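Undergrad: My questions will all concern the structure given below.
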Amino acid sequence: MSCPEKPRQQKGYRRIIPSMNALVAFEAVARYESFTLAAQELGVSQAATSKHVKFLEDVLGTRLFERLPRSIKLTTAGALLFGAMDGSMQRIASAFDKITDGLHELSISLASSPDFSNLRVLPRLPLIKALMPGLKLRLTVNSDREADIWVRFGTGNWEGGESIFLFDEEIFPVCSPAWRDEHGAPASLEDLARAALIDTDATLEGWMTWHTWFRALGYAPSKLEFTLRSVLYGNTVQAALQGHGIALGWSRMLQSQLATGSLVRVSEHSIKLKDAYYLFLAAGRQRTAEVNGILQCLQSDVPLPSP
């Protein structure tokens, strides 16, 4: 009978990292590009700061800084170490801030695109507060790797976590009531193609422009007249609200504006997308009651006042 295999012993950080004080000193020197300024921040002498950095260089067997006559600069090895430390120190500082401010209790950071945050999340804050009055919500962007949950658009087949279906999307032309009353609703795709159109650049996979929307309907206009083009969909929506022309309306994003009549649909033509919006939890994140509450509020299509 063979003996059970002993669990692998992981190396403690102390055996890999020789001195946290030396690392803190190195980070400050690299950030300021100055031993003097780093020493002032740390409250120690310049000689002590230099000694810490020299200790790291001796342990690693390479120089971390190039000492120039009147300045210093990171070597390749120094830049590698600083790049790792910079993000790590920011995450540690963020954790300290959350703990000291009490944000670790009933606190969730929700990452999404700025347009989704403005058009779908902010109008539902009253719902979120009513359902979870003690929740402290932090809105951030999709590039924030420290977020608790993300809103993502696509197939939902992403590795590294759990995708929870939010809602699908339908896209159709919208404009302000004032623009429709002045110019009339287009009677055909041909009329629509000749109208004053407001477009958004395709900055995301699956994002639909006027050209791709027409093509999806099997119509290829020879030329489109754009009264405005924008990188941000939120700017496109504002231009439509102000009566500058017709925009493509993402129905779930504009649920509030359509419900109140500040934007109106001006064509029966529409495209239902195969991709959809999902709430994404990275591996290790728990689907808590608060996460389910945010999911419920974001899915809600009850009439809401325009933001």
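The values are calculated or read from the model by the stated rules, or taken from the named source; none is laboratory data. Values in this document were obtained by computation on a predicted structure and should not be read as measured data. Glycine also receives a Cβ, built like all others from the backbone with ideal geometry; neighbour counts cover every protein chain displayed.
Undergrad: If you check Glu190 against the conditions, is it part of a strand (DSSP E or B) and not aromatic (Phe, Trp, Tyr)?
TA: Details: part of a strand (DSSP E or B): no; not aromatic (Phe, Trp, Tyr): yes.
Against the criterion (part of a strand (DSSP E or B) and not aromatic (Phe, Trp, Tyr)), Glu190 does not qualify.
Undergrad: May I ask you to list the residues in segment 156-169 that are closer than 14 Å to Gly206 by Cβ and exposed (fewer than 13 other Cβ atoms within 10 Å of the Cβ)?
TA: Result: Asn157, single match.
Undergrad: Hey, among the residues in segment 140-155 that are crowded, with 18+ Cβ neighbours inside 10 Å and among the aliphatic types (A, V, I, L, M), which one's nearest to Gly218 (Cα to Cα)?
TA: The residue in question is Val151.
Undergrad: If you take the residues of segment 229-269 that are more than 21 Å from Gly206 (Cβ to Cβ) and of a type in the set (Ser, Thr, Tyr), which of them is surrounded by the most Cβ atoms within 10 Å (Cβ to Cβ)?
TA: Among those that are more than 21 Å from Gly206 (Cβ to Cβ) and of a type in the set (Ser, Thr, Tyr), it is Ser256.
Undergrad: Here's another thing I want to ask about it. Just name the residue that is modelled with the lowest pLDDT out of those in segment 185-228 that are under 18 Å from Val266 (Cα atoms), acidic (Asp, Glu) and exposed (fewer than 15 other Cβ atoms within 10 Å of the Cβ).
TA: Within segment 185-228, the match that is modelled with the lowest pLDDT is Glu225.
Undergrad: From Val24, Val59, grab the single residue that is modelled with pLDDT of 80 or more, surrounded by 15 or more Cβ atoms within 10 Å (Cβ to Cβ) and not assigned by TED's automatic domain parsing to the domain that holds Gly134. Steps first, please.
TA: On the way: Val59 fails: surrounded by 15 or more Cβ atoms within 10 Å (Cβ to Cβ).
None of the other options fit; the residue is Val24.
Undergrad: Those residues that are within 21 Å of Arg252 (Cβ to Cβ) and either touching a helix residue (DSSP H, G or I) at 6+ places or on another chain (Cβ under 8 Å) or of a type in the set (Asp, Glu) (or both), I need them from segment 124-152; list them, please.
TA: Listed by number, the residues that qualify are Arg124, Leu127, Ile128, Leu131, Leu137, Leu139, Val141, Ile149, Val151.
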